[in-house]
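Structure, as structure tokens:
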Amino acid sequence: MGRHRIQNSAFTLLEILIVVIIIGILAALIIPQVSEAAGDAKVGRLIRLIDATRTAVQAHHADTGRLSREFSNSTATGEHQLTLKQTYNNWNGPYLDRPLSGAENPFGGIVRVYDRFDAGPAHPVGFDLVGRGSDTSTGAGQYLLITEISETVGRQIDAMIDRGVSGDWRVTGRCEWANNSAMIFLMDVQDAADSGP
């Protein structure tokens, strides 16, 4: 009788090790790409929020002649002037589809619209809109405060909003960054006078 050879169909340790190494290399290449895409999506959400808020404050001012406040961490009607019915003349809102909430900030911080450049916990004194080294927009005006923003995210927002503005990116242009907060210029009283009703 002939001998039958039984073939072993199991993987060797070396074959398993090679597969694990290949999977590790692929993961090292793919995971940063997925993380970067997720970060870009969060910045994109903030840019859309900035655009919608700028449009809302301008429409509110055109209707009422007043600057507005909208605070994500408040339930007071007077601090949701873009979304909750107000009793002052010519309010024709809501100007945003819903009151600002913490969910608007994908990085977990608060979002607030202020009606003066010198208001708020991390307020700018004004905005150096042209990069000349001095604040060209001060006093009454609208800005958006977004907290818990890293320097990297602040740079990304600044790059999208302030293309072509010279000077230190943290303190020039329409986006300023300090203490992990982005402050975005929305409108000043001069803008409002130029775009009146």
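Just a few scattered comments:
- Sequentially through the range 175-187, phi angles give Karplus couplings (6.51, -1.76, 1.60; θ = phi - 60°) of 10, 10, 9, 7, 6, 6, 9, 9, 10, 10, 5, 10, 5 Hz, Gly and Pro residues having no value and appearing as x.
- When each of the peptides 142-153, 88-99 is scored by the mean number of other C-beta atoms lying within 10 Å of its residues, the order from highest to lowest reads 142-153, 88-99.
- Rounded to whole Hz, the Karplus (6.51, -1.76, 1.60) HN-Hα couplings of the range 79-89, x for glycine and proline: 9, 9, 6, 8, 10, 9, 3, 10, 9, 7, 4
- For the range 145-153, the Karplus equation 6.51 cos²θ - 1.76 cosθ + 1.60, evaluated at θ = phi - 60°, returns couplings of 9, 10, 9, 6, 9, 5, 4, 4, 5 Hz by residue, with Gly and Pro reported as x.
- Annotation: amide H-H contacts under 5 Å for residue 141 (H modelled 1.01 Å from N, sequence separation of 5 or more, or interchain): 116, 117.
- For trypsin sites (Lys or Arg not before Pro), the sites in the range 57-91 that DSSP calls loop and that have at most 10 other Cβ atoms within 10 Å are 85.
Values quoted throughout were computed directly from the atomic coordinates according to the rules given, and no laboratory measurement underlies them. No experiment lies behind these values; they were computed from the predicted model shown. We place every Cβ from the backbone using ideal geometry, glycine too, and count neighbours over all the protein chains shown.
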